[in-house]
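Peer 1: Take this structure, written in structure tokens, and hold onto it; I'll ask about it next.
Only the coordinates and a few stated rules stand behind these numbers; no lab work does. The shown structure was predicted, so the numbers you read here are calculated from the model rather than taken from an experiment. Neighbour counts are summed over all protein chains in view; Cβ atoms, including those assigned to glycine, are modelled from backbone coordinates with ideal geometry.
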Amino acid sequence: MASKAPSSASRSYSRRDFIATAAATAGILVLPARVLGRDGQSPNSKLNVACIGVGGKGESDIQEVGGRYFEDVTDEKGVARRVLKGEGENIVALCDVDAHNLNAAAELYPKAKKYSDYRKMLDEMGDQIDAVIVSTPDHSHFPAAMRAITHGKHVYVQKPLAFSVWEARALALAARKHKVATQMGNQGHAGDGIRRLKEWLDAGVIGAVSTVHCWTNRPIWPQGIARPQGCKAVPGHLSWDLWLGPAPVRPYNDGYHPFDWRGWQDFGTGALGDMACHIMDVPHWSLELGAPTRVSATSTPMNNETFPRSSTITYQFPARGAKPPVTLVWFDGGNLPPRPAGLEPDRNLGGSGSFVIGEKGTIMCGEYGSEGVRLVPEKKMQDLKESLPPKRIPSSPGHYKEWIDACKGGKPAGSNFDVAGPLTETALLGVVALKAGKALMWDSPHLKITNVPEANKLLKREPRKGWEV
């Protein structure tokens, strides 16, 4: 039986809402977020932050925002424990469906209230919370973030921003409507590498770009497998119904929680969801690609349960002013792009990265865009090193600090939802193409696939009863 949802201020978004603001999604002037008004709060005071999902990546997100420096100490009773050495914002609430994760986080933040259901947390503590971090599996990003936004809370959401294309659009619209500060967890967007790439491209170092190749060594979890048979007992420390959240009901299996959920279509978004918002972000932002008009996919055999073991996704982006059309090809699961001319035979491509290929040369980028931005071959990099364009895009104060400053009335974070939303839509259109098994023509302003009408049902999933927002 589905959990009964507490009351919510949430609202749904109609197709009219989407169409009316679709153009703005690609290029709106983003104003600083409003500063939340707890009684007596100064814009310079510490934020009261609630955290949804405190294991795995959620653990490091909390530490980055709430104080990341720890040491092991022994108290007066001889009990060893970890304590904070450097303080950040106020962590006032912790929420996780796994009591092991929840209790471990509570040891570091003992003053925070503990919850297993974020709906209850937001309803009970809404007036005590300024901002919310969402670090759950993909399928729960949207309902948790949307509920927080419609409660008027600033939000930080791990990548990918959402589970579906429709959800990514809806979150961007809602964040704008409620004037909250947002950031998606693609940390490389705050790095210097992505800034250098844009400077070089804008200066014409490799000429006009028409091709981009991106690759990753993901998946590093099982894919291309069938659903487990039988039923295992749910561990006592896990609330399975809350973990399922908006997803369809299925029996518990330890092949889903705590890690391998990424490969299952009901819970994750595969290799694309895990890494595209890191790797594709670098060329997508630097080239100002916007929305694709055509997306196609090839892969190893795919079933209705998991994503394929490997895939290749091709995106076609239209011209942008004087910039020519771009073909971006995504490779995963051991598939690799062709090595560009001049790349040294012994150069290791690494687990993930991208090639930006122009009429006068190629730039190779590292996994997160924050390192390894180099001209190919390396000799060309050395020859031109002193004559490359000067730095003109200011460095970031830090990925998490961007968001914290925005929450306090500063300028929008670099990967705010008006940036992260379109990027996530692009990535997840690859997921739709995989499921559809056909090339898709995409009408972004109308959030519509025009040539395969039946594929439009893949843009959005109806949530399980009790999890509507």
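Peer 1: Any chance you could check the Cα centroid distance between region 324-379 and region 395-469 for me, in angstrom?
Peer 2: What the calculation gives is 25 Å, centre to centre.
Peer 1: Summing -39500 (n - 2.57) over the DSSP H runs of n ≥ 4 in the chain and dividing by its residue number, what mean residue ellipticity at 222 nm do you reach, to the nearest 500 deg cm²/dmol?
Peer 2: Working: 12 runs with 123 residues, N = 469.
Calculated mean residue ellipticity at 222 nm is -8000 deg cm²/dmol.
Peer 1: A further question on this structure: Could you give me the percent of Cα pairs per 5 Å distance bin for region 299-448, shortest bin first, beginning at zero and ending with the bin that holds the maximum distance?
Peer 2: 2, 6, 12, 15, 16, 17, 16, 10, 5, 1, 0
Peer 1: Evaluate E = 1/(1 + (r/R0)^6) for Asn304 and Cys231, where r is the Cβ-Cβ distance and R0 equals 22 Å; express this FRET efficiency to the nearest 0.05. Before the final figure, lay out each step's value.
Peer 2: Numbers: r = 20 Å, r/R0 = 0.89.
Step by step, r from the Cβ atoms, then E = 0.65.
Peer 1: Taking Rh as the Kirkwood radius, which is the inverse of the mean 1/r over Cα pairs, what is the Rg/Rh value for region 192-348? Working shown, then result.
Peer 2: On the way: Rg = 19.5 Å, Rh = 18.1 Å.
Using Cα coordinates only, the ratio equals 1.08.
Peer 1: May I ask you to derive the FRET efficiency for Ala80 and Lys323 from their Cβ-Cβ distance with R0 = 56 Å, giving the value to the nearest 0.05?
Peer 2: Numbers: r = 58 Å, r/R0 = 1.04.
FRET efficiency, Ala80 to Lys323: 0.45.
Peer 1: Also, quick follow-up: Provide, as a two-decimal number, the C-alpha radius of gyration of the chain over 2.2 N^0.38 Å, N being how many residues it has.
Peer 2: On the way: Rg = 22.2 Å, N = 469, 2.2 N^0.38 = 22.8 Å.
Cα-based Rg divided by the globular estimate yields 0.98.
Peer 1: Separate question: Starting with the highest mean, order 386-399, 418-431 by the number of other Cβ atoms within 10 Å, averaged over the residues of each peptide. Write out the running numbers ahead of the final one.
Peer 2: Working: 386-399: 11.8, 418-431: 26.8.
Top to bottom by mean Cβ count within 10 Å: 418-431, 386-399.
Peer 1: Also, quick follow-up: Counting DSSP beta bridges with both partners in the chain, what percentage is antiparallel, nearest 5? Write down the numbers at each step before the final one.
Peer 2: Values: 41 of 66 bridges.
Restricted to the chain, the bridges split so that about 60 percent are antiparallel.
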